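Inspection log for the structure reproduced underneath, given as C-alpha cells.
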Amino acid sequence: MVGLSDQIGERAAVLRGLYAALGREMRAKTFEDRLRIQKEVYIMRLHPDLAPLLPFEFDMYIRGPYSTDLADAYYAKARPARVEVTARAAAYAGEVLGMDPWALEVAATLVEICSYNARFPEFTAEEGLEILLERRPRATEEDARRALEALRGLAAKYPEIKLPTPCAPR
C-alpha cells in the first residue's frame, strides 16, 4: 500500500513532469503563483488525456475551485517525472496556460458552478453566470460572459474536453 507521503510525492513528481513536458516552469512561490496553478490544473483536468495525470479533488472556495491535495503536491519537493502528453492535449494545455490569471479564475469558478448544478437538467449557463456574479462580486457580467465564451471556444476546438452540460456549447 502506498503511504500518504508517497502518494503526495508521486503526484508532485507527475505534476512537475507535466509542466516540464509543456515547457513551463511550475512556480509556487507567491500566492498568485499558487492560485494560478490551482486554476490551470482545474481546467486542464477537463481534457481526457490530462485528467489521469491530475487526479486532484477540488472544492469551491472564495477564489473558486481549490484542491488541498494539489497544494500538498506543489509544496512537496520532487524531481519531475517523465511525462508524455499527446500533441492535442499539449495544445489544449498550452491554451489554458496562456490564459490571463483573472480569466482562469472566473472560468474555473464557472465550470465548478456548472459542474455542481449539472445534475439539474433545467439548469442553464445563464443561471451559472448569475451565481458566478453573486459569488464573485469583483467579476463583471462582461468577465463572466467572456469566460463562458472562452470555455465554449475551447470545447469547440477540442471537442474531447468534458465541459459540464450547462457550460458546453449548444
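The values are calculated or read from the model by the stated rules, or taken from the named source; none is laboratory data. The structure presented is a predicted model; accordingly, all values stated were derived computationally and were not measured. Methodologically, a virtual Cβ is constructed for each residue, glycine included, from the backbone with ideal geometry; neighbour enumeration extends over all protein chains shown. Note: accessible area is taken over every heavy atom of the protein model, side chains too, but ligands, DNA and RNA are not part of it. Shrake-Rupley method; radii C 1.70, N 1.55, O 1.52, S 1.80 Å.
Within the range 158-169, not a single residue is modelled with pLDDT of 90 or more, outside any loop (DSSP other than H, G, I, E, B) and within 21 Å of V96 (Cβ to Cβ). In the range 116-170, the residue that is least open to solvent (accessible area, probe 1.4 Å) out of those that are of a type in the set (K, R) and under 23 Å from A93 (Cβ atoms) is R152.
Evaluate the following for R146: is it within 17 Å of D100 (Cα to Cα), modelled with pLDDT under 95 and out of contact with any His (no Cβ under 6 Å at 6 or more places or on another chain)?
Details: within 17 Å of D100 (Cα to Cα): yes; modelled with pLDDT under 95: no; out of contact with any His (no Cβ under 6 Å at 6 or more places or on another chain): yes.
For R146, the condition - within 17 Å of D100 (Cα to Cα), modelled with pLDDT under 95 and out of contact with any His (no Cβ under 6 Å at 6 or more places or on another chain) - is not met.
If the condition is being within 17 Å of A12 (Cα to Cα), touching a helix residue (DSSP H, G or I) at 6+ places or on another chain (Cβ under 6 Å), open to solvent by 50 Å² or more (accessible area, probe 1.4 Å) and in contact (Cβ under 8 Å) with a residue 40 or more places away in the chain, then the range 47-78 contributes only D72.
Checking the stated criteria, M60 turns out to be at pLDDT below 95, of a type in the set (A, V, I, L, M, F, W, C) and under 16 Å from the mean Cα position of the chain (by Cα).
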